[in-house]
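Remarks on the structure that follows.
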Amino acid sequence: PDGAAAELRGALGRRWDLDPARIVCGNGSDEILAMLISAYAGPGDEVLYSEYGFLMYRISALAAGATPVAAPETDYRCDPDAILGKVGPRTRLVMLANPNNPTGTFLSRSEMQRLHAGLPHGVILVIDAAYAEFVDDAGYDAGIELAEASENVVMTRTFSKLYGLAALRLGWCCGAPAIIDVLNRARGPFNVTSPA
């Protein structure tokens with residue numbers, strides 16, 4: 001298989017008006033989420049997520065030796081102020097499924113921007129937009145613009161949900177060049193199969 005997933009990254013870049021050099025493809029978005037956590041957090045570090053967030057955030061944090069920290073939600077909805085209140089000197093990543101899995105709630109564009117603005121520059125905000133295609137609300141934004149404009153934001157997506165390709169395991173992310181460089185060095189050389 002093409003270790004760089006060049007054709008797929010080119011197609012994603014055209015579809016979403018992104019620089020393909022700022023895209024990494026993975027064996028599902030789960031692989032990308034796990035790579036981000038293992039690359040940026042370890043023993044003594046914290047990975048922050050909302051109380052009813054995707055279970056893989058906790059599992060991947062523990063696998064990396066980091067401490068998972070859950071911020072309380074309000075009415076099964078991520079609370080940006082609760083997230084910011086849990087950020088400390090050991091926080092390395094904030095992982096947010098937007099919309100959330102399994103609650104289906106989401107943060108608006110303005111809430112996500114406010115959350116990002118409140119984070120220290122050294123904390124990476126990971127916007128897991130696996131269910132973005134299912135949101136039909138003018139106030140929602142999947143996070144592409146924030147990931148393009150910021151040095152500490154990554155947005156992940158998947159083909160598993162809307163396209164029904166879960167068994168093929170294909171996901172992707174976009175983010176700052178420095179983070180993309182780390183992911184490209186951390187991932188396996190043939191992590192995306194030719195059939196996917």
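The values are calculated or read from the model by the stated rules, or taken from the named source; none is laboratory data. Model, not experiment: these values are computed from the prediction. So basically every Cβ, Gly included, is an ideal-geometry build from the backbone, and we count neighbours across all protein chains shown. Calculation scope for accessible area: heavy atoms of the full protein, side chains included, ligands and nucleic acids excluded. Shrake-Rupley method; radii C 1.70, N 1.55, O 1.52, S 1.80 Å.
In a residue-by-residue description of the range 138-154, the property of being of a type in the set (A, V, I, L, M), assigned to a helix (DSSP H, G or I), open to solvent by 80 Å² or more (accessible area, probe 1.4 Å) and out of contact with any helix residue (DSSP H, G or I) (no Cβ under 7 Å at 6 or more places or on another chain) applies to at least one position. In the range 173-196, the residues that are over 16 Å from Thr158 (Cβ atoms) and at pLDDT 90 or above form Cβ pairs under 9 Å with partners that are of a type in the set (S, T, N, Q) and in a loop (DSSP other than H, G, I, E, B), at six or more places apart or across chains, as follows: Ala176/Ser150; Ala176/Asn152; Ile179/Asn152. So in the range 155-186, with the set limited to residues that are of a type in the set (Lys, Arg) and either open to solvent by less than 40 Å² (accessible area, probe 1.4 Å) or in a helix (DSSP H, G or I) (or both), which one is nearest to Asp17 (Cα to Cα)? It comes out as Arg157.
With respect to the conditions (1) outside any helix (DSSP H, G or I); (2) farther than 13 Å from Gly175 by Cα, Val126 lacks only one, and its number is (2).
Considering only the range 7-23, state which residues are under 14 Å from Cys174 (Cα atoms) and in a helix (DSSP H, G or I). Scanning the range 7-23 gives Leu8, Arg9, Gly10, Ala11, Leu12, Gly13, Arg14, Arg15, Trp16, Pro20, Ala21, Arg22.
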